[in-house]
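Have a look at the structure below, then the notes.
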Amino acid sequence: MKILFYDTKNYDKESFEAILPKFAKALGGNGAEPDVTIEYVKSDLDPRTARMAEGFDAVCAFVSSDVGEKTLTILKEKGVGLVLMRCAGFNNVDMAKAKELEIRVMRVPGYSPEAVAEHAMALALASNRRLYKAYNKVRENDFSLNGLMGFNLYQKTAGIIGTGKIGAAMCRICHGFGMKVIAYDVYQNESLKDFVTYVTLGELLAQSDLISLHCPLMDSTYHLINIDTIKKMKDGVILVNTSRGALVKTEDLIMGIRMHKFAGVALDVYEEETPNVFENRSDEILEHSITARLLSFPNVMITSHQGFFTREALEAIAETTLQNACDYVEGKESPNDVK
Ligand code: NAI
């Protein structure tokens, strides 16, 4: 089997190559000399680069890829029968077209909820204790404590919005810190009932010292955090978003920051990720960037969508993606099929 791997970063190649021998036989090799090959290219998948897939059985794509109608049509012409999404989301795939062309699409639904939850807590701690500021101060030989005061998380209230896989992991972490954990979700997670109290969104906003977002981006959650919901929050709250940028209305967040609502705001995701203001860094983009405006506030810290980025998560992504390829070769149905 031949797989063309788009938008390759060094760490992708390392994690896939490390695990490939385990799957070689299943993917059509004889074990010693696998006849499965992955060719890695830096370009992302789009209608222009889809032509490179001539002679490949499958392509491997990511959240940033354009797997729309045009791309799929070209892939079909080139003989590709499988799109392996090495991520959970598939909103960038035209599934109706994929079905029409009989191209199978598979994904990695959950790889390491703890990776994202641990990053959410890292953001909460770094923001609360101003670690980003402390790090720079000490490097500049300034050992004063000005501007570094935080508050104890112990016995404070954590409000978790969305208690699926990642939100549940965040609840466990906050419970471990001795926090009172309250949550809001459209469904209650039974596994958390011993230490999490479900409340309404309004109650969560009013009671929480730390609010962490873990629900998916949908019509019902778009701009869930806006000026009305911000006004309901406690003064001095810490807001963490590791879920999707558009859960938060950035303009309103800036208004809230100006109203001194937040002790800290820590974001791993932000509305301007596409196109990524930081990857396509140019003075013009930065000048008009609302993310850059956010960064001008001393109590805001932003990371570059790295919540998933741990060794374990990358291993799990590689393992599940190659297992998906095996299931395709063997004609097996899979829960990872996108339907
Ligand atoms: P999940 O599907 O296990 O859980 C989502 C939870 O949100 C469910 O319990 C669902 O009932 C709840 N929910 C749905 N609508 C809601 C609403 N209107 N209000 C409150 N809760 C609602 O998803 P998982 O795996 O926990 O992922 C959560 C999100 O994390 C993903 O949607 C994705 O946006 C983000 N993510 C971020 C990553 C990063 O690197 N920063 C990596 C992976 C995921």
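The values are calculated or read from the model by the stated rules, or taken from the named source; none is laboratory data. Here the structure is a predicted model, which is why all the values come from computation and not from measurement. Backbone-built Cβ (ideal geometry, glycine too); neighbour counts: all protein chains shown.
Taken over region 87-101, the residue count meeting the criterion of being over 21 Å from Phe5 (Cβ atoms) and in contact (Cβ under 8 Å) with a residue 60 or more places away in the chain is 1. What number of residues within region 227-239 satisfy the criterion of being touching a strand residue (DSSP E or B) at 6+ places or on another chain (Cβ under 8 Å) and buried (at least 18 other Cβ atoms within 10 Å of the Cβ)? Final tally of qualifying residues: 4.
The residues listed here are Val116, Val186; of these, the one that is assigned to a helix (DSSP H, G or I), within 9 Å of the ligand (Cβ to nearest atom) and closer than 30 Å to Asn336 by Cα is Val116. Considered as a group, the residues in region 285-294 that are out of contact with any strand residue (DSSP E or B) (no Cβ under 6 Å at 6 or more places or on another chain) and not in a loop (DSSP other than H, G, I, E, B) include one that is surrounded by the fewest Cβ atoms within 10 Å (Cβ to Cβ), and that residue is Glu287. Report, by residue number, each residue of region 224-275 that is free of Cβ contacts under 8 Å to residues at least 12 places away in the same chain and within 16 Å of the ligand (Cβ to nearest atom). Passing the criteria: only Asp228.
The requirement of being away from the ligand (no atom under 16 Å from the Cβ), under 23 Å from Ser243 (Cα atoms) and either modelled with pLDDT of 95 or more or within 29 Å of the chain's Cα centre (by Cα) (or both) is satisfied by Asp66. Looking across region 54-88 at every residue that is closer than 16 Å to Asp44 by Cα and of a type in the set (Gly, Ala, Ser), the one that is surrounded by the fewest Cβ atoms within 10 Å (Cβ to Cβ) is identified as Gly68. In region 194-223, which residue that is of a type in the set (D, E, K, R) and over 19 Å from Thr250 (Cβ atoms) is nearest to the ligand (Cβ to nearest atom)? The extreme case among them is Glu203.
The residues of region 96-113 that are within 16 Å of the ligand (Cβ to nearest atom) and of a type in the set (D, E, K, R) amount to a single one, Arg107.
The residues of region 299-339 that are within 16 Å of the ligand (Cβ to nearest atom) and touching a strand residue (DSSP E or B) at 6+ places or on another chain (Cβ under 8 Å), listed by number, are Met301, Ile302, Thr303, Thr321, Asn336, Val338. Against the condition under 23 Å from the mean Cα position of the chain (by Cα), under 21 Å from His119 (Cβ atoms) and assigned to a helix (DSSP H, G or I), how does Ala168 come out, does it pass? So Ala168 passes the test. Just so you know, in region 240-256 the residues that are part of a loop (DSSP other than H, G, I, E, B) and modelled with pLDDT of 95 or more include one that is surrounded by the most Cβ atoms within 10 Å (Cβ to Cβ), and it is Thr242.
Ser191 fulfils the conditions (1) part of a helix (DSSP H, G or I); (2) under 30 Å from Asp66 (Cα atoms); (3) small (Gly, Ala, Ser); (4) within 15 Å of the ligand (Cβ to nearest atom) except for a single criterion, (2). Taken over region 155-181, residues that are of a type in the set (D, E, K, R) and either crowded, with 23+ Cβ neighbours inside 10 Å or within 15 Å of the ligand (Cβ to nearest atom) (or both) amount to 2. Looking at region 105-122, can you tell me whether even one residue there is without any contact (Cβ under 8 Å) to a residue 40 or more places away in the chain, hydrophobic (A, V, I, L, M, F, W, C) and touching a helix residue (DSSP H, G or I) at 6+ places or on another chain (Cβ under 6 Å)? Checked region 105-122: no residue is without any contact (Cβ under 8 Å) to a residue 40 or more places away in the chain, hydrophobic (A, V, I, L, M, F, W, C) and touching a helix residue (DSSP H, G or I) at 6+ places or on another chain (Cβ under 6 Å). As for region 268-290, it holds no residue that is under 28 Å from Leu205 (Cβ atoms), modelled with pLDDT of 95 or more and touching a Phe, Trp or Tyr at 6+ places or on another chain (Cβ under 8 Å).
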